[in-house]
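For reference, the structure discussed in these notes is given below.
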Amino acid sequence: MTMRSLFSDQSQYVESFRLFLENSTEHQCMLEFFERKLPDILTSLGNGKSTISVLSVGGGTGEIDLQMLAKLQAKYPGVSIHNDVIEPCAEQLIQYKERVAKTSKLENIKFTWHKETASEYESRMKASKEVRKWDFIHMIQMLYYTNDVPGTIRFFHSLLEPGAKLLIILVSGSSGWARLWKKYGARLPLNDLCLYITSADIEEILDGSGLKYQSFELQSDMDITDCFTEGNKRGELLLDFLTETCNFNKTAPLDLKNELIEDLKKLEYSEKKGGRYFFNNNLSAIVIES
Ligand code: CQA
């Protein structure tokens, strides 16, 4: 059997991702960041405006977006918000709309959804004559899925109003992911749909282009203890998510599997607490100024 990318199986990807969210503090660490730092970051971008325009690039199911919008509403009470969402995945857009429909206190927010990729949006905007500018643009855990990272950042940065901000969240250069990709990337199923990029790569791009930014490290972990129990279904799906491989346990060459499993227990990847292993899932939030 050959190793196949997890992306080739949509339903298995969704199941692995659901388990990952259950076993990690991925969303909690973002919400904590929104709680502690976002109000400051949002200062000035809406001053004196009657409408604030927000662009969510890769908004997914909207779970994180709505938390962010709540912070914006709290910062600018009574101000109306236009929230545009770019998201190519149809199922996720449906879930986003359902979530909006059943959430209260969204009366002053107007939602517009665009079922397309960031690069399709870019082409469409460049072809149309109108230039639409934004007060706040965010790209959360999505830059892995673009084909031209510097170009994508440059384009969306060019859409910022004066005083506006662009927020990027993705895995930290000091996370277990960074180590895993560096050592094993070449031996995992090649896939042009997902790039192995971290905050370190983004900061290098930003330093080279002279854009002014600020970074924040968000502490996060993922309980991977189940990965070390032979035959544990949850552990197998979590391992699939980590390696982005479909049925990694069944399809990976034995030497690769053994080496990776042993590495995951090491301190460069995980911390051991109370007999459990916590993979380092640290994220970085990068705030770029207009
Ligand atoms: C698609 C693409 C990516 C998705 C998705 C669907 C995704 C989550 C859910 N559905 Cl078509 N991506 C995602 C989100 C957060 C996250 C990771 C993937 O932490 C894992 N990565 C490793 C850090 C990204 C490569």
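Using bins of 5 Å that start at zero, the share of Cα-Cα pairs per bin across the range 167-274 amounts to 2, 10, 20, 21, 18, 13, 8, 5, 2, 1, 0, in whole %. Estimated from helices alone, the mean residue ellipticity of the chain at 222 nm is -12000 deg cm²/dmol (sum of -39500 (n - 2.57) over DSSP H runs with n ≥ 4, per residue).
In summary, the chain shows an alpha-carbon radius of gyration equal to 1.04 times the 2.2 N^0.38 Å reference for compact globular proteins.
P(r) tail for the range 211-290: Cα pairs beyond 19 Å make up 45% of the total. To the nearest ten degrees, helix 199-209 and the longest principal axis of the Cα atoms of the chain are 40 degrees apart. On the basis of the beta-carbon distance and an R0 of 22 Å, residue 9 and residue 276 show a calculated FRET efficiency of 0.20. Among the listed pairs 182/273; 97/126; 165/272; 71/115; 71/233; 71/212, which have their C-alpha atoms separated by more than 30 angstrom in this model? Pairs exceeding the cut-off: 165/272; 71/233.
Rolling a 1.4 Å probe across all protein chains gives residue 104 an accessible area of roughly 80 Å².
Based on Cα contacts under 8 Å between residues 6+ apart, the chain shows a relative contact order of 24 percent.
Applying D = kT/(6 pi eta Rh) to the range 23-89, where Rh is the Kirkwood radius over alpha-carbon pairs, T corresponds to 10 °C and eta to 1.306 mPa s, the Stokes-Einstein value obtained is 123 µm²/s. Angle of helix 26-36 to the longest C-alpha principal axis of the chain, folded into 0 to 90 degrees and rounded to 10: 40°. Only protein atoms count toward the accessible area here, which uses a 1.4 Å probe; on the chain, the carbon and sulfur part of that area reaches 51 percent. What is the sum of charges, Lys and Arg at +1 and Asp and Glu at -1, for the other residues whose Cβ falls under 11 Å from the Cβ of residue 19? In short, -3. Axis angle, to the nearest 10 degrees, between helix 254-264 and the longest C-alpha principal axis of the chain: 60 degrees.
Close amide H pairs (under 5 Å, H built 1.01 Å from N) link residue 290 with 163, 164, residues at least 5 positions away or on another chain. Roughly how compact is the range 97-243, stated as its Cα Rg over 2.2 N^0.38 Å to two decimals? Its radius of gyration relative to the 2.2 N^0.38 Å reference: 1.28.
Taking the Cα centre of the range 4-289 as reference, the dipole from Cβ charges on Lys and Arg (+1) and Asp and Glu (-1) amounts to some 560 debye. Each other residue within a Cβ distance under 10 Å of residue 280 adds +1 if Lys or Arg and -1 if Asp or Glu, for a net charge of -2.
The values are calculated or read from the model by the stated rules, or taken from the named source; none is laboratory data. No experiment lies behind these values; they were computed from the predicted model shown. Don't worry about glycine lacking a Cβ; one is built from the backbone with ideal geometry, like all the others, and counts go over all protein chains shown. Surface areas here come from the heavy atoms of the whole protein model, side chains and all, with no ligands, DNA or RNA. Shrake-Rupley method; radii C 1.70, N 1.55, O 1.52, S 1.80 Å.
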